[in-house]
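Please treat every number below as a calculation from the coordinates, not as lab data. Owing to the predicted nature of the structure, the values given are computational and were not obtained by experimental measurement. Quick reminder, even Gly has a Cβ in these numbers, built from the backbone with ideal geometry, and neighbours come from all protein chains shown.
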Amino acid sequence: MKLRVSHYPQIPCKPFIIEVEDLKQAQLMHNALGKYDLFLYDSKYRSDYANSTFIEQWDEEEKEWLLWCDIETGIGDINEYFEKLDQINQHDIQTDINNFKFLCKTNIK
């Protein structure tokens, strides 16, 4: 999957674009750029700002960059996507623990 982050530090403007290796890198860049803009505003380097950051995925069929969205969940927000993954993983871990406890109790009897 070919991914990039497009950041508009002040709309309207040309975006700052950086290609990333995976969704975790995309999340890191997305959040870092947003926090940097907020830092500039809070430190009074900017009196105001209207920024926007998008994660885009290359579509081979269309031959263009499209907004990224997870097909399985329909989630298009990168932070929401990883929160959902964490919830799923926590559920899987708890299920494994419960299954292990059941097996231990069964084998003891």
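Details
- Low-density loop cleavage sites - trypsin sites (Lys or Arg not before Pro) in the range 23-86, where at most 10 other Cβ are within 10 Å (DSSP): Lys44, Lys63
- Karplus-derived 3J(HN,Hα), 6.51/-1.76/1.60, for each residue of the range 40-55, Hz, glycine and proline x: 4, 5, 4, 8, 6, 6, 10, 7, 7, 7, 9, 9, 7, 9, 10, 9
- Checked against a 30 Å cut-off, the cross-linked pairs Lys14/Lys63; Lys14/Lys35; Lys35/Lys63 give Cα-Cα distances beyond that limit for Lys35/Lys63.
- Electrostatic tally near Asn51: other residues with Cβ closer than 12 Å to its Cβ, Lys and Arg +1, Asp and Glu -1, net 0.
- Loop chymotrypsin sites (Phe, Trp or Tyr not before Pro), the range 6-83 (other Cβ atoms within 10 Å of the site Cβ: 11 or fewer; DSSP): Tyr45
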